[in-house]
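Accompanying notes for the structure given below.
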Amino acid sequence: MTSAPAPARDTIAVQLRGITKRFPGVVANRDIDIAVRAGTVHAIVGENGAGKSTLMKILYGMQKPDEGSIEVDGRTVSFSSPADAISAGIGMVHQHFMLADNLTVLENVVLGAEPGGFGRLDFRAARRRILEISDSYGLGVEPDRLLEELGVGDRQRVEILKVLYRGARILILDEPTAVLVPQEVDELFGNLQELKSEGITILFISHKLDEVLAVADEITVVRRGTTVATVLPADVTARRLAELMVGGELPSPETRESTVRPEVVLEVRGLTVRGEEGRPLLDDVSLTIHAGEVLGIAGVEGNGQAELVDAIMGLRPATGTVRLGDRELTELNTRHRREAGIGFIPEDRQRQGLLLEAPLWENRILGHQSQRPNVTGPWIDRAGARADTERIVREYDVRTPGIDVAASALSGGNQQKLIVGREMSGNPVLLLAAHPTRGVDVGAQAQIWDALRTARAEGLAVLLISADLDELIGLSDTIEVILRGRMVGTADPRTVTPEELGSAMTGAGEAAEPAEHGPAGGRHAAGTVAVADREDAGRHLVPGPDPVPPDSGPGADPDLDVPLPGTAGPGLTGTGTTGTGDLANDPDAGGEERP
Amino acid sequence: MKRFDLERIGLGLAAPVLALIVAALLSSIALVISGNSPLHTFNAMLDYGTQPETVVQTVNKATIYYLSGLAVAIGFRMNLFNIGVDGQYQIAAFFAAVVGGWLLLPGPLLIIVVVLVAIVVGALWAGIAAVLKVTRGVSEVISTIMLNVIGGGIVAYLLDPHRLGTIVGTQQVTTKPMPSDAYLPGIPVSGGEIYGFIVVAIACGIAYWVLLGRTRFGFDLRATGLSETAAVASGVSVRRMVIRTMLISGGVAGLVGMPLLLGSSHAFAQDFPTGYGFSGIAIALLGRNNPIGIALGALLWSFLEQSAQILDLENVPKEIVTIMQGVTVLSVVIAYELVRRFSLAQQQRRVGAELRAAAAPGTPTTGEGSPA
Amino acid sequence: MTATGLVESMTKASTAAGRRRGIRWPLWLLGISGMLVLVSIVRLITGANDITSSGTTGAALRLAVPIGLAGLGGLWSERSGVVNIGLEGQLILGTWFGAWGAYEFGPWWGVIVGIIGGALGGLVLAIATVSFGVDHIVAGVAITILGGGITRFLSALIFVDTPGGGVTQSPSLPRIGTVTLPGSGVLRDIEEKHWFVVSDVAGILGGLITQISWLTIVAVLLVPLTYLVLWRTKFGLRLRSCGEAPGAAESLGVNVYRMKYTAVILSGGFAGLGGAFLSLVATNIYREGQTNGRGYIGLAAMIFGNWMPGGLALGSGIFGYTDALQLRSGGQSVHALLLLLAIVLGLLAIWSLYRGRRMRAATSVAVAAAALIWFLTSDTVPDEFVGFAPHLTTLLVLALAAQRLRPPAADGKPYRRGEAG
């Protein structure tokens, strides 16, 4: 693998011709044509739902194309399982890690390609081989640790090692940066350059354009299931790529003016959630949200956001107080909290937000089982619930032939629109929105943003949790940064850049400190830095090469935008590239431990 | 949207019909292997099974099975597996019989008290499993099975002349018989008498339908069954639901012994039948936890048993019916699963097709992969 | 939730237990010796010599084997991600086919035919759950119903015309040979002295080496063999990966369906062997209802053993022992065990209090007090209660132990090829 001779750059490693794949009700891929040259990083970009992941599953043998052909190193191949793809030298690092928590790193890596004769698993040989690969790429993997003890970054390295262990020469990386903060992304790109120099071909799937432009040798754009263009990064701008991806006008998450009112809606004081071993997963968190205010929570996933939402909803035991308006919620159960006026868009809509096999109108009742128009007394009001479901379908543009179809029949975006509509019903005073546009198509994303903005203008208080930093910056009135269960800083969304937020989210400034002490100083890592030049705005779908700072209108409430003392400091702006090395090598930095 | 409904009903019927055909085929194979003619066997069963006396027996047994099936089904609807209906109805019938024998009350009042005792005892016995589940995390599947054996042991211990039993006739140990004015009259028809308790069974079926389909409690229960995580996020307290549902299931299970106790035996003897609880599981599966489906399942189950009585005279081992029952259950659960998947996929396809047809040009309708 | 509920409900606090990789040997030895001393004290106080007699331990071993084999069956199946509630049905098939095979072809053929019978039950479960995606518990219950039906029909067909046989039982069956290891006689002599601890050890060891069926030896060896195969071979790793993360396994080219099929069929084979043991060794006749819920008890033993072969063997031992008591002056022995229970729970209460778990301490004290009062106010325990001692023990053990367990992560979850990721 590492000793394989670097193939000439003009040989084609992978050639896809006319790939078409249909699912019930959707064509995921249609006439896909891609040629990937050996020893290059070839990016495949497209917005969520464009068909990138399906395409990669086809290339990796997890799904069979209905039409079309695949050639690897000039030979036509037909994969009926990943095993076939592996033996053809293709490896895949999945967006959601494909790892077993209760197995060791070693077991995870060697699974399916174990060393040893006569059926015996030769642990010693396996350990040696893993350390060999790990050392030669500087991955720092410990073979005998139980996987559940590892953080996100380590898990990704295990995934990459897994693929290298199998001798892959063609590497598929499916949204590898989705779980990483910007500094970790740089580290990953360093690894990719090294792999490329060893002659490995990399297929890099992403919808983040600045990353693609930075790392790729060639870029293929996928839109609505088909390839629309293949370009060289030197020939395009982020804006041009974005237009190719969307094929039309670019939506934006920006809110126009502040609607924050003086009255406090949610007041959380000293909220603490402990894990099974008594370690705090959420540590003494206090926050306040006013009517008409969107409070965004920025943080690497697994730093207590889920616990914060659960604790406010009463879904897990917590200490501290929660007040909604002038009502004390601390002692109330989830249902009573909902009745008090909290709407809830859960992180995982299929697990927490929907009854997939129940019809839409029953899903309208879910979470509002004790509220009109769904019930009268102890009885379900079918007519009322149905009529109101029709209203939601109409007002929130849920694309469905009717309200009697099962929720599972709808696309992700339409499912989410139904949830948003439902949670906006009954005049909530507070909305907890966890990743409200995750995995939905662009059209639905824009509609959900509109709905949030409208409700905010009418005085709704919103707690917004999102991994999409542009969404956070665009929608929020205030951003709090959460790290290892603690609120470590406040940022002004009008001025902060995604990179600055990223630094704050990893606690990059304190990587040099002993990590065990955590954010004891409670320093505010991010703050109002001067309006950065936003040339990199094309990173997402923000229109215009040099947009006006979005929130310069007169409506801004000055009281809320006052930065906390000591926020802007040299530690923040200086972290850029120098901090990354420390960060990646310190397993405790970056707050990637998962609960 | 009527089309979806019609299709759903059609698919709903397809599953049991398909399963019954498969079951009949497999049973025929078993019959052929054992050297008997399937056609002859089925004919004999049909002939005997449609005689008035057999029909009455079938309906009576089906009444018992129906209650048992309902008791199991209410748990199934929230993925709670009450395998302990067998123990619950026995211990309930025993204590109900004891109270019925010792309490001095006018007949109708006594009947009501006896039934209430049965409900309460059945519910309490099931409640043990519920409490163990919510406080100690013990799977109800295992605890209810263990409680079946323990309940049987306790009944055997108490049913002793020195304790709560008496000796009637020669050797038979039994509880003190209930007074004759507390006999629940049957419904006379040609061929015999149908248990008067069938009225209660039907009422239970209606109550089940109303409870699950029309009340908040029922919605919470079904939501928990469909997705526990979603139910919790919607404000359902799953612990409380487990306790309540198990109590209701046990209460209904307590009724299983009542048709027999009030309608014919009037006392709990050592030979009080066992195993109705396990039939109830099969019947709930057959009826897809639907009140009408369970009724049909109970009738089928009972019909197979009753009509098989003739087979010994035809020199066919009547135990063939246990194979028919087992195969039917297995093929039914597989058929339901296949139809469920098919109909969900079908809906997805249909929704996709309709949306594409309706979409104006330029409206984005792509989705990645299967949306589910 | 579906079948996973069974698993999830038992695993509220799983991660902590997962890291505690096995208790060390010295701790085990300490525990065992402490328990021996306690039992010996109880024996001396109550005079219930049968609680450690060689007769009791011999019977306990005989009764632990079918439970343990069912448990191993459960282990294989659940390590691959399929909950096998149909163990009871496969055990039933094993009893019948074992008896029939032995009657027709001789005892060892009976063992093989019994295994095949159980494996067929496993195959049906695999078809229903793996290929058709039926809920594991529903399918398991259906198989148990089917198992009872098939055996009854086959008995009516085959055993009815045999001497002593009928619809519910087989004729008496040829036996499998036994072996007595050297030293048995000496141990017997020591045992009869009724010395403190020494005689108890002699009784227990004596029971384990006197007149041991060859099949028992085979069954006991299957425990370490299972460990070696599942944790030390490629096949074992692949099988376990299907129970932990089938999507990951699939992405690495493991044929998850095939692994699951293999595991579930083997699972049925283990249960079938357990059934054959019941009809051929534990008794020498097939009788309907002979299994008496041992499939479920085996499952409980596996849960108690935290999905590990060693723990499972310990659990089966406990259940086999309580089961054996009804054969050996049950009333008196169980009565003596009430005292033991009171002492053990008393100690547990002190420990819980020390760890600050008041609720648990209070429950333990309450049960201990009840057991003590029962012990003091009676001379013996009624036979009816002795009969359900194993089942009550199962309940108690699960209630006390079910919290710190770690089942395979994908146990009981539906899996379909190509839907991962």
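The values are calculated or read from the model by the stated rules, or taken from the named source; none is laboratory data. Model, not experiment: these values are computed from the prediction. Because the Cβ atoms are built from the backbone with ideal geometry, glycine has one as well, and the counts that use them run over all protein chains shown.
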### Message
Residue under question is C:L392, and the condition is that it be within 14 Å of chain B (Cβ to nearest Cβ), within 28 Å of the chain's Cα centre (by Cα) and either crowded, with 19+ Cβ neighbours inside 10 Å or of a type in the set (A, V, I, L, M) (or both); does it hold?
### Response
yes
### Scope the stretch B:84-107; condition more than 17 Å from B:S265 (Cβ to Cβ) and at pLDDT below 90; matching residues
B:L103, B:L104, B:L105, B:P106
## Note on the structure
How many residues of the stretch C:162-176 are out of contact with any Leu (no Cβ under 9 Å at 6 or more places or on another chain) and either at pLDDT below 85 or surrounded by 14 or more Cβ atoms within 10 Å (Cβ to Cβ) (or both)? The answer is 9
### Query
What are the residues in the stretch C:198-256 that are more than 30 Å from C:I32 (Cα to Cα), in contact (Cβ under 8 Å) with a residue 12 or more places away in the chain and within 22 Å of the chain's Cα centre (by Cα), if any?
C:L239, C:R240, C:G243
### Task
Specify which of the listed residues (A:V36, A:V72) is over 29 Å from the mean Cα position of the chain (by Cα), at pLDDT 80 or above and of a type in the set (A, V, I, L, M, F, W, C).
A:V72
### Task
Would you mind finding the one in A:A50, A:A28, A:A43 that is hydrophobic (A, V, I, L, M, F, W, C) and either away from every other protein chain (no Cβ under 14 Å) or closer than 19 Å to A:G199 by Cα (or both)?
A:A43
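Working only within the stretch C:99-117, note down all residues that are of a type outside the set (A, V, I, L, M, F, W, C), under 15 Å from C:L154 (Cα atoms) and over 20 Å from the mean Cα position of the chain (by Cα).
Hits for the stretch C:99-117 are C:G101, C:Y103, C:E104.
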### Query
Within the stretch C:125-134, restricting attention to residues that are buried (at least 24 other Cβ atoms within 10 Å of the Cβ) and in contact (Cβ under 8 Å) with a residue 60 or more places away in the chain, which residue is nearest to C:G293 (Cα to Cα)?
C:L125
### Message
Out of A:V77, A:V110, I need the residue that is of a type in the set (V, I, T), surrounded by fewer than 21 Cβ atoms within 10 Å (Cβ to Cβ) and more than 27 Å from the chain's Cα centre (by Cα). Which one?
### Response
A:V77
### Task
Name the helices (runs of 4 or more DSSP H) wholly inside the stretch B:194-239 in which the number of residues that are within 8 Å of chain A (Cβ to nearest Cβ) and surrounded by fewer than 23 Cβ atoms within 10 Å (Cβ to Cβ) is 3 or more.
B:216-226
### Query
From the residues in the stretch A:161-178 that are within 14 Å of chain C (Cβ to nearest Cβ) and of a type in the set (V, I, T), which one is farthest from A:G39 (Cα to Cα)?
A:V163
### Task
Within the stretch C:141-163, track down each residue that is in contact (Cβ under 8 Å) with a residue 40 or more places away in the chain and more than 9 Å from chain B (Cβ to nearest Cβ).
C:I158, C:F159, C:T162
### Task
Kindly indicate the residue of the stretch A:399-436 that is more than 11 Å from every other protein chain (Cβ to nearest Cβ) and modelled with pLDDT under 85 and also farthest from A:L475 (Cα to Cα) among those meeting that condition.
A:G426
### Query
Out of curiosity, is C:P414 buried (at least 22 other Cβ atoms within 10 Å of the Cβ) and either within 11 Å of chain B (Cβ to nearest Cβ) or among the acidic types (D, E) (or both)?
no
### Selection status of B:M246, within 14 Å of chain A (Cβ to nearest Cβ) and either closer than 30 Å to B:T328 by Cα or of a type in the set (A, V, I, L, M) (or both)
no
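Being modelled with pLDDT of 85 or more, within 13 Å of chain A (Cβ to nearest Cβ) and either out of contact with any strand residue (DSSP E or B) (no Cβ under 9 Å at 6 or more places or on another chain) or assigned to a helix (DSSP H, G or I) (or both) narrows it down to one of B:E354, B:E337, B:E305, so name that one.
Of B:E354, B:E337, B:E305, the one residue that is modelled with pLDDT of 85 or more, within 13 Å of chain A (Cβ to nearest Cβ) and either out of contact with any strand residue (DSSP E or B) (no Cβ under 9 Å at 6 or more places or on another chain) or assigned to a helix (DSSP H, G or I) (or both) is B:E337.
Keeping to the stretch A:118-141, report how many residues are closer than 26 Å to A:F189 by Cα and either touching a strand residue (DSSP E or B) at 6+ places or on another chain (Cβ under 9 Å) or at pLDDT 90 or above (or both).
Of the residues in the stretch A:118-141, 3 are closer than 26 Å to A:F189 by Cα and either touching a strand residue (DSSP E or B) at 6+ places or on another chain (Cβ under 9 Å) or at pLDDT 90 or above (or both).
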### Query
Is there a residue in the stretch C:269-288 that is at pLDDT 90 or above, within 14 Å of chain A (Cβ to nearest Cβ) and buried (at least 21 other Cβ atoms within 10 Å of the Cβ)?
no
#### Entry: Scan of the stretch C:100-112 for residues that are within 20 Å of C:G73 (Cα to Cα) and crowded, with 23+ Cβ neighbours inside 10 Å, ordered by number
C:G110, C:V111
### Task
Would you be able to say whether some residue in the stretch B:265-278 is assigned to a helix (DSSP H, G or I), aromatic (F, W, Y) and crowded, with 22+ Cβ neighbours inside 10 Å?
yes
### Message
Is it the case, given these coordinates, that B:G151 is touching a Gly at 6+ places or on another chain (Cβ under 8 Å), outside any loop (DSSP other than H, G, I, E, B), in contact (Cβ under 8 Å) with a residue 24 or more places away in the chain and surrounded by fewer than 20 Cβ atoms within 10 Å (Cβ to Cβ)?
### Response
no
### Message
Take the residues in the stretch A:84-114 that are in contact with a strand residue (DSSP E or B) (Cβ under 6 Å, 6 or more places away or on another chain) and facing chain C (nearest Cβ under 8 Å); name whichever of them is modelled with the lowest pLDDT.
### Response
A:Q95
#### Entry: Flag for C:T95 being outside any loop (DSSP other than H, G, I, E, B) and within 11 Å of chain B (Cβ to nearest Cβ)
no
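Here is a yes/no grid of residues against (1) under 24 Å from C:G247 (Cβ atoms); (2) touching a Lys or Arg at 6+ places or on another chain (Cβ under 9 Å); (3) without any contact (Cβ under 8 Å) to a residue 40 or more places away in the chain:
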residue	(1), (2), (3)
A:N102	yes, yes, no
A:N108	yes, yes, no
A:R120	no, yes, yes
A:V141	yes, yes, yes
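Considering B:G137, B:G75, B:G127, which residue is surrounded by fewer than 24 Cβ atoms within 10 Å (Cβ to Cβ), of a type in the set (G, A, S) and either over 30 Å from C:V381 (Cα atoms) or at the interface with chain C (Cβ under 9 Å from one of its Cβ atoms) (or both)?
The match here is B:G137.
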### Task
Taking the options B:V113, B:V121, B:V98, B:V138, name whichever one is in a loop (DSSP other than H, G, I, E, B) and either of a type in the set (A, V, I, L, M) or more than 22 Å from C:H136 (Cβ to Cβ) (or both).
B:V138
### Residues of the stretch A:67-83 that turn out to be more than 14 Å from every other protein chain (Cβ to nearest Cβ) and of a type outside the set (K, R), as a count
11
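Counting only residues that are of a type in the set (A, V, I, L, M, F, W, C), away from chain C (no Cβ under 14 Å) and either touching a residue at least 24 places away in the same chain (Cβ under 8 Å) or crowded, with 24+ Cβ neighbours inside 10 Å (or both), how many does the stretch B:154-191 have?
Of the residues in that region, 5 qualify.
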